[in-house]
Amino acid sequence: MPINEAVIETLVPEEVYTDRKDHIDYFYNAALKAITRRTMSTVLLGQRRMGKTEIFKRVVNRLFFNQDHNEKVVIPVFYQFPDAFLS
């Protein structure tokens, strides 16, 4: 992804956000497999402040910029529930 180019702003700097590449790759590839319906539902569970939302923000940005738009593509959608809704 080009530097400083993002559909959804990530909060954690790239230098600090480490050890998540495998997770990001997994969800990116699962999204691409969804085009051919060859993927299973996946859940990412973890305690608060573990980086779950940041993973999905980065996957959405990667899907937006890294796909070949001349072929079938995945349309990334990201929605975050307001904190008041979750309480």
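Figures for the structure shown
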| read-out | value |
| --- | --- |
| In the stretch 5-58, the residues that are of a type outside the set (A, V, I, L, M, F, W, C), closer than 23 Å to Phe81 by Cα and part of a helix (DSSP H, G or I) | His23, Tyr28, Lys52, Thr53, Glu54, Lys57, Arg58 |
| Of all residues making up the stretch 28-87, the number that are without any contact (Cβ under 8 Å) to a residue 24 or more places away in the chain and either loosely packed, with under 10 Cβ neighbours inside 10 Å or of a type in the set (D, E, K, R) (or both) | 28 |
| Of residues in the stretch 59-80 being β-branched (Val, Ile, Thr) and in a loop (DSSP other than H, G, I, E, B), the one farthest from the chain's Cα centre (by Cα) | Val73 |
| Matching residues, the stretch 9-23, being in contact (Cβ under 8 Å) with a residue 12 or more places away in the chain and among the aliphatic types (A, V, I, L, M) | Leu11, Val12 |
| Candidate set from the stretch 46-82 (those that are of a type in the set (Val, Ile, Thr) and out of contact with any His (no Cβ under 8 Å at 6 or more places or on another chain)); member that is modelled with the lowest pLDDT | Val77 |
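The values are calculated or read from the model by the stated rules, or taken from the named source; none is laboratory data. None of the values given here were measured: they were computed from a predicted structure. Here the Cβ is made from the backbone with ideal geometry for all residues, glycine too, and neighbour counts use every protein chain on show.
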